[in-house]
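Undergrad: Please see the structure below; I have some questions.
Taken together, the values in this text are just the output of simple stated rules run on the coordinates, not laboratory data. Note that the structure is predicted; figures quoted are calculated from it, not measured. Note that each Cβ is placed from the backbone with ideal geometry, even for glycine, and that neighbours are counted across all protein chains shown.
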Amino acid sequence: MKKSYPQLTEMDLSFEFGKEDELIDRIAKRLDIGANDVMELMKRNNLPLHLLI
């Protein structure tokens, strides 16, 4: 995902189990899109939360 969206930082993409909502919110904020849009991007690219990088 970082290759497609170079504005995302390592911190934006850091994943901790149990804090999935925080991850989605960070990505949404950085990309200036909604959380549902982040989820759609992940689904479209077959990315589980822990494989975003």
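Undergrad: Calculated from DSSP H runs of 4 or more alone, at -39500 (n - 2.57) each and per residue, what is the 222 nm mean residue ellipticity of the chain, nearest 500? Let's see the in-between values first.
TA: Values: 3 runs with 26 residues, N = 53.
Value at 222 nm, helices only, nearest 500: -13500 deg cm²/dmol.
Undergrad: Okay, next question. Can you sort Leu47, Leu31 so the residue with the fewest Cβ neighbours within 10 Å comes first?
TA: On the way: Leu47 13, Leu31 16.
Final ranking by Cβ density, sparse to dense: Leu47, Leu31.
Undergrad: Under 37 °C and 0.692 mPa s, how fast does the chain diffuse according to Stokes-Einstein, given a Kirkwood radius computed over C-alpha pairs? Answer in µm²/s, whole number.
TA: On the way: Rh = 10.9 Å.
The calculation lands on 302 µm²/s.
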